[in-house]
Amino acid sequence: ASGVPTVAVERADGTALAAPTATAGTRPGEYQITLTAATYTDVIDRLKVTWTATVDSLALVDVTYIDVVGSRYFTLGQFRNLEGLSDARKYPDFYLERVRAEVEVSFEQYCEVSFAPKHGRDTFDSWDFDSKFGIFTRSTPVSSLLSVVLSGVAETLTDLWSVSKSGQVRAESFQPTANSLGQDLVISYIHGWDITPADLQRVALRYARQLAIINVSTVPDRARLMQSEFGLFVLDAPGPDKATGLPEVDEVLNRYREENVGSFA
């Protein structure tokens with residue numbers, strides 16, 4: 001870039017936050033920002049980060065999103081303490097962080113539930129709202145309702161709107177009218193488990209270690225059988241109802257996947 005890019009940060013509801021200052025990284029074309037807790041990550045949210053720069057006289061805009069979550073499935077310290085991952089030069093923190101994020105996303109997509117508090121934001125047509133049954137969020141379980149916005153105008157939540165753990169959003173007085181029908185109804189909320197279950201954390205670490213050291217595995221990528229001094233082994237692999245190919249991990253994931261009957265994702 002010709003100079004350091006400018007950066008703009010917005011909350012999920014469109015509120016603009018103070019513009020952070022980008023700095024050049026160690027590699028050409030690499031830039032970074034620091035999002036402090038007091039200004040940017042004080043609440044569970046989904047931040048939109050817009051980078052603007054000039055490259056070869058062309059104006060470029062790049063948008064990234066950052067999920068501010070209530071917790072992580074495990075700490076980087078727990079991750080590094082696993083066997084074989086103590087070498088910080090071979091397995092730097094940024095690499096372990098990338099693997100951790102991959103594990104969290106894959107678990108959430110497979111089980112259709114987040115195992116840590118996370119921001120949710122669903123947009124419906126006002127036609128979809130039923131005055132008796134309300135409407136259901138697309139992610140569960142839901143712990144709190146953040147906002148309800150109809151065509152850009154925020155509804156009053158106090159004593160009027162409520163949400164159940166199963167994601168049923170209801171209102172005591174909201175009635176879609178001929179004037180409101182067809183408008184966007186945007187519901188923001190916090191969903192996911194309050195605390196990552198212990199067994200889920202254990203298998204998340206197990207799978208994360210597998211991903212982290214996969215490049216140094218002695219088993220060829222295409223292998224289905226392995227011969228050793230103890231005999232012939234059949235290796236498991238990912239497939240239907242086998243998210244990872246690790247039996248211990250998949251057993252736990254399938255159990256939570258079956259229990260999550262309230263998700264409409």
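The values are calculated or read from the model by the stated rules, or taken from the named source; none is laboratory data. Just so you know, these numbers come straight off a predicted model, no measurement behind them. With ideal geometry, Cβ positions are generated from the backbone for all residues, glycine too; neighbour counts draw on all protein chains shown. With ligands, DNA and RNA removed, areas are computed over all heavy atoms of the protein, side chains included. Shrake-Rupley method; radii C 1.70, N 1.55, O 1.52, S 1.80 Å.
Phi-derived couplings, Karplus 6.51 cos²θ - 1.76 cosθ + 1.60 at θ = phi - 60°, listed residue by residue for the range 48-61: 9, 10, 10, 9, 10, 8, 10, 10, 6, 6, 9, 7, 10, 10 Hz, with x used for Gly and Pro.
Helix 198-212 versus the longest principal axis of the chain: what angle, 0 to 90°, nearest 10, using Cα atoms? Between the helix axis and the principal axis of the chain, the angle is about 60 degrees. When Val186, Val43 are compared by accessible area of protein heavy atoms, the largest-first order is Val43, Val186, using a 1.4 Å probe. Of the residues Tyr95, Ser106, Ile66, the one whose Cα sits farthest towards the positive end of the charge dipole of the chain is Tyr95 (charges of +1 on Lys and Arg Cβ, -1 on Asp and Glu Cβ, taken about the Cα centre).
Taking a straight line from the alpha carbon of Lys132, these aspartates and glutamates sit under 15 Å away, with near neighbours fewer than eight places off in the same chain left out: Glu172. For the chain, the carbon plus sulfur part of the accessible surface works out to 52%, probe radius 1.4 Å.
Using R0 = 45 Å, the C-beta based FRET efficiency linking Gln210 and Gln175 works out to 0.30. Database remark: amide H of Ser143 closer than 5 angstrom to the amide H of Ile190, His191, Gly192 (H placed geometrically; neighbours at sequence offset of 5 or more, or on other chains; Pro and chain starts carry no H).
For the chain, the equivalent ellipsoid derived from the Cα gyration tensor has semi-axes of 38, 29, 16 Å, listed largest first. Excluding same-chain residues fewer than 8 positions from Lys242, which lysines have a Cα within less than 26 Å of its Cα? Once the sequence-local lysines are set aside, what remains near Lys242 is Lys118.
For Asp199 and Lys90, a Förster radius of 35 Å and the Cβ-Cβ distance give a FRET efficiency of 0.75, rounded to the nearest 0.05. Here the Karplus relation 6.51 cos²θ - 1.76 cosθ + 1.60, evaluated at θ = phi - 60°, turns the backbone of the range 118-131 into coupling constants of 8, 7, x, 8, 10, 10, 10, 7, 4, 4, 6, 7, 9, 4 Hz, with x for every Gly and Pro. Under the combined filter of DSSP loop state and at most 12 neighbouring Cβ atoms within 10 Å, the range 26-97 retains these trypsin sites (Lys or Arg not before Pro): Arg89, Lys90. Per residue, the chain exposes 60 Å² of accessible surface when a 1.4 Å probe is rolled over the protein heavy atoms with every protein chain present. Between amide H atoms placed 1.01 Å from N, distances below 5 Å from Phe136 occur with Val169, all of them 5 or more places distant or on a separate chain. So if a site counts as exposed when it's one of the chymotrypsin sites (Phe, Trp or Tyr not before Pro), its DSSP state isn't H, G, I, E or B, and it has at most 10 other Cβ atoms within 10 Å, what's the longest stretch of the chain without one? Formally, the longest exposed-site-free interval is 1-132. Taking label points 7 Å from Cα along the Cα-to-Cβ direction, Ser147 and Asp130 give a separation of 2.8 nm.
Here the chain is treated with +1 on each Lys and Arg Cβ and -1 on each Asp and Glu Cβ, and its dipole about the Cα centre works out to around 540 debye.
For the options Ala16, Ala59, Ala154, a Gaussian network treatment of the chain with springs between C-alpha atoms closer than 10 Å singles out Ala59 as fluctuating the most.
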